[in-house]
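Each remark here refers to the structure printed beneath this line.
The values are calculated or read from the model by the stated rules, or taken from the named source; none is laboratory data. Computed from a predicted structure; not experimentally measured. Every residue, glycine as well, gets a Cβ built from its backbone with ideal geometry; the counts of neighbours run over all protein chains shown. The accessibility values were calculated without ligands, DNA or RNA, using every heavy atom of the protein model including side chains. Shrake-Rupley method; radii C 1.70, N 1.55, O 1.52, S 1.80 Å.
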Amino acid sequence: MTDRGAAPPGAQAGDGAILRIDHVTKRFGGLVAVDDVTFDVKKGEIFALIGPNGAGKTTLFNGITGIFPPTAGRIVFQGREITGAKPHQVAAFGIARTFQNIRLFEYMSSLDNVRLGQHCRMHAKLWDSLFKTPAEHREEQRVTDRAMELLQFVGIEQYTHIYARNLPYGSQRRLEIARALATNPALLLLDEPAAGFTPQEKVELMGLVHKIVDQGVTVFLIEHDMKVVMGVSRRIVVLDHGEKIAEGTPEQVRRDQRVIEAYLGTQH
Amino acid sequence: MKRLLSRLGSILERDPRKDPNAVVFLLLTFGVIAFPIAIQIVTRGSGSFLISQAADAGVYVLLAIGLNVVVGFAGLLDLGYAAFFAIGAYTYAFIASDHMEFTPIHQAIHIPFWIALLVGMFAAAGAGAILGAPTLRLRGDYLAIVTLGFGEIVPRLFRNASTWTSGVNGISALDTPALPIWLNGPWSGDAFAIVQNFKIIDPLAYYVIMAILVAISVVLVNNLRRSRMGRAWMAVREDEVAAAAMGVNTVGVKLLAFSIGAAFSGFAGTFYGAKLSLVSPENFGFTVSITILIMVVLGGMGNIPGVIVGALLIYYVIFNILPGLPQQASDFANSIGATSLNSPSGDWPGLAGEVQRLKYLIFGLILVLTMLLRPQGLLPSRQRAEELQKGVHEDTTIEDVNAEAT
Amino acid sequence: MVGSLKQARIAFVEAPIGRLVNLLVILAVLYVIFILAMKVVGQGPSYFLQILTFGVANGAIYALVALGYTMVYGIIELINFAHGDLFTLGGFISVFLLPIFGLDASKAGTAGIILPLLAVFIVTMLICGAINVSIERVAYRPLRRAPRLAPLITAVGMSFVLEGVMFLWKGPFNVPYPNLLPTTGFVIGGATIGVKDIFVIVVAGILMVVLALFVSRSRLGKAMRATAQDQDATELMGIDINRTIAATFFIGAVLAGAGGTIFGLYYNTMVFDLGFSAGLFAFTAAVFGGIGNIQGAALGGLLIGLITALWDGYMESTWTQVIIFAILILVLVFRPTGLLGMRVPEK
Ligand SMILES: Nc1ncnc2c1ncn2[C@@H]1O[C@H](COP(=O)(O)OP(=O)(O)OP(=O)(O)O)[C@@H](O)[C@H]1O
Ligand SMILES: [Mg+2]
């Protein structure tokens, strides 16, 4: 966690929220994709966002990461308001993400994908790059070592020099996580990391998520599959049609009447 | 030889036996050294014109290397690249000739060539930054249009603002570049001698300087490609949203690529103006921009040796083969007795004239056919080769990745 | 609790320098308009009316060409650089067809030209359409899934190919176009409004109205709009994407062919590389109006025609092109959605 700006002293003292979604609304024309949603993600937890198709989960992630800034409301990260920040600024603040429909740099090797993730933590200036200064050389070395470490961490070191597009599907998802971790985040947003996985793969992935949290990274994940989510997170927020319809522990959420309706509603 | 090969290989951090680029680099280096010697032997010492032309080709090589940073590395289409070339050349004309005496300034400026090179470079890079800063935020292909518009505006500005630029006449008698020290010898037809403040007139001197400048550029650009910046360009080219989410300031890195490209163009323009000792607004039109683009595309976008080969090849075709072709065609017609072909009648301009008219068609066909038949260019970079053959990520659905995996 | 969140909102948005630039640009534009207005007032109303007539006629031609740019961009997001050259080619083809349909200078201004001219128009438009469809089939379709740079470069190449063909055909010289239309006109308020002017405006107007009706009413028009929105979804609905895109190229070229013929009849001269700057002007018009937006293209064409005429008429015409390209850059930078907003979803 090198040069991330430390949270201002005093902010968040006591409640331990790393991310605060504060009355966030996002409209696309007439469609309200996220409707006045408020909740906190606490430092060090695995927090889950669930909801049926089109509930606005990805839209909320896009709002947090600055891809589509919210129409109204505020997003506060580590006590600092980041509403309207550019995506690269958000990454520099310490929020990394993966995408629901994998967005790797397909024609770059796995290694380069992860090295790129460290871009915003590197210091080489144009001058250093042009003349390959010793400092630049050392930095490249360090970045390469770290990338190898991360590839190993997510368990795809055998694909180090393979183009991302040629990786098996599951490994592509893992590579995306490695690339996100390379930005050295305090908060990791995972958008349906287990989509398309077999039950066995899902279990492995949950293991990886726990490993990530053990490294001191807070994880905030979206998952369709209620069963998967229940097994991994302590706290869940449920979105439906852009609205927050429930928040609480897996047990509370499971018994919530509106949640049951929302899920039954989408099945028929 | 073998040691040289491995040295070059280690510069590229790759095994030269497996890497065609190292071989191309080696051949190019060898060719650059052998060329003037071979020419002088073949033409029995009267090869100055060809050597001079080779130095001019070097200008285009520089331009192509620079445009490659923009188009090949960062994936931005710059259709007004000649504008920066013009800015570099005119900057030299302003600050290294008597011309300023005849403008409202009434004071000639004579900046030494080597400093002027930097000034021209920074002037062009500055123009690039000013143009790029607002435009690079927009959709990718808007840049193509903005640069195209800019490329049309700049030569017209130089032509219309005649109080400052003497308009269509251009500016002539620019200062001859000088070197602090130069070694005379048999190659210049003199005895061995060390000369100070040597005025560069001899084509061979231009050739040598050009070769050195190109070599330096290749090393620097290659360093860039393998750096943090190079990776960021590649990422932005592939997926801007993902790159931004990973902390890459996409506008910033695109602007950098665009400005570096402009800097190269300005640098080359300064050199070009100095060597020609003349600048005129007619030398920087759209066809120049397109010529350089063709060099990059045909050579292999993103691959430095490819782009150099493309530049040399296209230069040779445009400035050597095409100009001689009409004469050859009409000679050929005469030799087979079809002299009537050579006499103009009605819409028929005569064979020579008709062949002369082929230039546009050849330009166009090179571009279209390259993109259709060999979109990766003659010597592609590894990424580009796969990317252009298999299409971009849009057609990779989760399904076919799954299929690949099983 | 919310009180504890009171942190300084980070100023991510506009740097003050950006505002300064905006202000300077607005001042510069206002200054130019002011100078122009002074000259307009100084020269009197009849000259202004004359320039206006000329500008509208000119603008009608730009609008026809701009429609092709806007439709193709709307549907496949390709800046079809070759489109301007297709416009020129339309002029070249029609000048070739005129004698075949028995039209020459001796018939100028007589009623006998109407039917043959109509035939020339139709044949030219069909040929242009066929050529453009072939170009799309051969040069653009194979690259539809390729990186965006590829079709763009191909389009630039295609533009050179078309110019090259016309160059081979007619050489670098101005090609005379017979002056067939009546040279008479009406004098209104001291300005002469020629039959030619009216002809251009009426023909272009009819074509544009027909196009607008076609796109909004016909099945094919609906398919076009659907394809522009979302190709994959449209395909799922059982619509043939390839046919729809080909139809778009066809219609664009038909309008360009008509534009080229109208241009020839109006100006009585053409040259092989006319399409380069005319095409850029028309593209500027399309961007000005909001690319992808059909009404926008018409409006943009009209405005570009007027600006060109005003500048040519009141200021130094050597600067006209600079002005148009400057407008192009300024619009893209400050209002990339154009006047009427673009119809292209940001993907
Ligand atoms: N860029 C956009 N423009 C317009 N509408 C959008 C955009 N992105 C999302 N939407 C709409 O917002 C709504 C919420 O979409 P979102 O992708 O956030 O859902 P989700 O909860 O992630 O669903 P899923 O489980 O299918 O991923 C949907 O109706 C979607 O069509
Ligand atoms: Mg989603």
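For A:Glu149 and B:Leu322, what does the FRET efficiency come to when R0 = 56 Å and r is the distance between their Cβ atoms, rounded to the nearest 0.05? Given R0 = 56 Å and the Cβ-Cβ separation, E is 0.50. Accessible area per residue for region C:44-334 is 36 Å², calculated with a 1.4 Å probe on protein heavy atoms, without ligands, DNA or RNA. For C:Met270, nonlocal amide neighbours, meaning residues 5 or more places apart or on other chains whose placed amide H falls under 5 Å from its own, are C:Val175, C:Tyr177. Overall shape: oblate for region B:151-294, with the ratio a/c of the largest to smallest alpha carbon gyration tensor axis at 1.5 or above and b/c at least equal to a/b. A cut-off of 5 Å between modelled amide H atoms, ignoring neighbours fewer than 5 places along the same chain, links A:Lys42 with A:Ile18.
For region C:110-180, the spread of Cα coordinates along the three principal axes comes to 53, 27, 14 Å, biggest extent given first.
For region B:163-176, the Karplus equation 6.51 cos²θ - 1.76 cosθ + 1.60, evaluated at θ = phi - 60°, returns couplings of 4, 9, 10, 6, x, 4, 5, x, 10, 10, 6, 6, 4, 7 Hz by residue, with Gly and Pro reported as x.
Phi angles of region A:107-124 translate, via the Karplus equation with coefficients 6.51, -1.76, 1.60 and θ = phi - 60°, into HN-Hα couplings of 9, 10, 5, 4, 4, 5, 4, 6, 5, 4, x, 8, 3, 6, 9, 9, 10, 4 Hz per residue; Gly and Pro are given as x. Cα-based values for chain B, radius of gyration first and Dmax second, are 23.0, 77 Å.
If I take R0 = 25 Å and measure r between the Cβ atoms of B:Val42 and B:Asp331 in this structure, what FRET efficiency does the formula 1/(1 + (r/R0)^6) give, to the nearest 0.05? Before the final figure, lay out the partial values.
Working: r = 22 Å, r/R0 = 0.88.
The formula returns an efficiency of 0.70 here.
The accessible-area loss of region A:80-107 on complex formation, taken against its chain alone with a 1.4 Å probe, reaches 40 Å² or more at A:Glu81, A:His88, A:Arg103, A:Phe105, A:Glu106, A:Tyr107.
Relative to one another, the C-alpha centroids of region A:38-109 and region C:141-193 are positioned 49 Å apart.
Filter A:Lys125/B:Lys275; A:Lys57/A:Lys227; B:Lys254/B:Lys275; A:Lys202/A:Lys244 down to the pairs with a C-alpha to C-alpha distance above 24 Å, please. Could the numbers behind the result be given before it?
Details: A:Lys125/B:Lys275 33 Å; A:Lys57/A:Lys227 17 Å; B:Lys254/B:Lys275 32 Å; A:Lys202/A:Lys244 26 Å.
Table pairs above 24 Å Cα-Cα are A:Lys125/B:Lys275; B:Lys254/B:Lys275; A:Lys202/A:Lys244.
By a 1.4 Å probe calculation restricted to protein chains, A:Asp225 has an accessible surface near 50 Å², given to the nearest 10. Once both axes come from the Cα atoms, what is the angle between helix A:134-154 and the longest principal axis of chain A, in degrees from 0 to 90, rounded to 10? Roughly 40 degrees between the two axes. Residues B:Leu278, B:Leu369 ordered from highest to lowest accessible area at a 1.4 Å probe: B:Leu369, B:Leu278.
Ordering B:Thr29, A:Thr59 by accessible surface, largest first, gives B:Thr29, A:Thr59; the 1.4 Å probe counts only protein heavy atoms, with every chain in place. Compared with the dominant Cα axis of chain A, that is its longest principal axis, helix A:169-182 is turned about 70°. Considering protein heavy atoms only and a 1.4 Å probe radius, which residues within region B:131-150 exhibit an accessible-area decrease of no less than 20 Å² in the full assembly relative to the chain by itself? Buried-area filter returns B:Pro134, B:Leu138, B:Arg139, B:Asp141, B:Tyr142, B:Ile145, B:Val146, B:Leu148, B:Gly149. Screening chain C for whole DSSP H helices with an alpha carbon extent of at least 20 angstrom along the helix axis and a mean Kyte-Doolittle hydropathy of at least 0.5 yields C:16-43, C:45-76, C:83-100, C:114-135, C:149-170, C:195-217, C:241-267, C:274-289, C:294-314, C:320-334.
Using amide H atoms built in the peptide plane, which far-off residues or other-chain residues are under 5 Å from A:Ile245 H to H? Answer set, sorted by chain and number: A:Val238, A:Leu239, A:Asp240. Axis angle, to the nearest 10 degrees, between helix A:199-214 and the longest C-alpha principal axis of chain A: 70 degrees.
With the Cα gyration tensor of the protein assembly as shown giving a ≥ b ≥ c as the square roots of its eigenvalues, does the rule (a/c under 1.5 for rounded; else a/b larger than b/c for prolate; else oblate) give rounded, prolate or oblate? Write out the running numbers ahead of the final one.
Numbers: a/c = 1.84, a/b = 1.27, b/c = 1.45.
It is oblate, given that a/c is not under 1.5 and a/b is not larger than b/c.
Remark: chain B carries 41 Å² of accessible area per residue (probe radius 1.4 Å; ligands, DNA and RNA excluded). Only protein heavy atoms count here; under a 1.4 Å probe, C:Lys170 has an accessible surface of about 40 Å².
Once all protein chains are placed together, B:Ser335 keeps about 90 Å² accessible to a 1.4 angstrom probe.
For an R0 of 30 angstrom, estimate the FRET efficiency from the Cβ-Cβ distance between C:Phe34 and C:Phe186 and round to the nearest 0.05. Please list the in-between numbers first.
Details: r = 32 Å, r/R0 = 1.08.
The formula returns an efficiency of 0.40 here.
Which shape class applies to region A:39-97: rounded if a/c is under 1.5, otherwise prolate when a/b exceeds b/c and oblate if not, where a ≥ b ≥ c are the square roots of the Cα gyration tensor eigenvalues? Numbers along the way, then the final one.
Values: a/c = 1.68, a/b = 1.18, b/c = 1.42.
Note, shape of region A:39-97 comes out oblate.
Residue by residue, region A:158-164 carries 3J(HN,Hα) couplings of 5, 9, 2, 9, 8, 4, 3 Hz when phi is fed to the Karplus relation 6.51 cos²θ - 1.76 cosθ + 1.60 (θ = phi - 60°); x denotes Gly or Pro. Between A and B, roughly 3700 Å² of accessible area is buried in total, ligands, DNA and RNA not counted and the probe set to 1.4 Å.
Just going by the charge dipole of region A:13-107, with Lys and Arg at +1 and Asp and Glu at -1 on Cβ, which of A:Thr59, A:Pro87, A:Val34 is farthest out on the positive end? Positive-end residue among those listed: A:Pro87. Please report, as a whole percent, how much of the solvent-accessible surface of the protein assembly as shown comes from carbon and sulfur atoms (probe radius 1.4 Å). That share works out to 64 percent.
Rolling a 1.4 angstrom probe over the protein heavy atoms with all chains in place gives region A:9-267 an accessible area of 39 Å² per residue.
Please compute how much accessible surface disappears when C pairs with B, both sides summed, using a 1.4 Å probe, and round it to the nearest 100 Å². Show your work: numbers first, answer last.
Values: alone 17740 and 20860 Å², together 34230 Å².
Between C and B, the summed buried area is about 4400 Å².
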